[in-house]
1. Are any residues in the range 3-56 within 21 Å of residue 87 (Cβ to Cβ), touching a residue at least 24 places away in the same chain (Cβ under 8 Å), assigned to a helix (DSSP H, G or I) and over 9 Å from the mean Cα position of the chain (by Cα), and if so, which ones?
2. Filter the range 61-101 for residues that are assigned to a strand (DSSP E or B), farther than 20 Å from residue 46 by Cβ and at pLDDT 90 or above and give the result.
3. Filter the range 1-24 down to the residues that are open to solvent by 40 Å² or more (accessible area, probe 1.4 Å), modelled with pLDDT under 95 and touching a strand residue (DSSP E or B) at 6+ places or on another chain (Cβ under 9 Å) and list them by number.
4. Would you mind stating whether residue 52 is more than 14 Å from residue 10 (Cα to Cα) and not hydrophobic (A, V, I, L, M, F, W, C)?
Amino acid sequence: MPRSRLGELEEQILLTVLRLGGESYAVPVARELGRLTAREVSPATAYMVLRRLEGRGLLVSSVGTPAPERGGRPRRFYRVVDEQALPALRESRNAMLALWDGLEARLGSS
């Protein structure tokens, strides 16, 4: 039975792909995630999570044209499957908001 909940890194990678718009591949996803969160994620880790999200039906991928700077190897581009990913992201966001509800004063808002 497939998991229905998103893990933290899965959620962050999915949000990053959504933020980048269109199609993206592992290197810019890892770079943008690091820029936004100061979380160091290697392109290899981003690629592994992208593949896992694709396996769950939240992303689809396509293979680009071979790039000479990559030794003729093509890049794999990913894009969000709105019908699957957006409800999962909403569910994840709502769960976090429910946990935060009533704790803002105690934890501080910065």
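The values are calculated or read from the model by the stated rules, or taken from the named source; none is laboratory data. Keep in mind it's a predicted model, so treat the numbers as computed, not measured. Here Cβ is always computed from backbone atoms with ideal geometry, including for glycine, and neighbour counts include all displayed protein chains. We work out accessible area using only protein heavy atoms, side chains counted, and drop any ligands, DNA or RNA first. Shrake-Rupley method; radii C 1.70, N 1.55, O 1.52, S 1.80 Å.
1. 52, 54
2. Correct list: empty.
3. Matches in the range 1-24: 22, 23.
4. Considered against the rule, which asks whether it is more than 14 Å from residue 10 (Cα to Cα) and not hydrophobic (A, V, I, L, M, F, W, C), residue 52 comes out as no.
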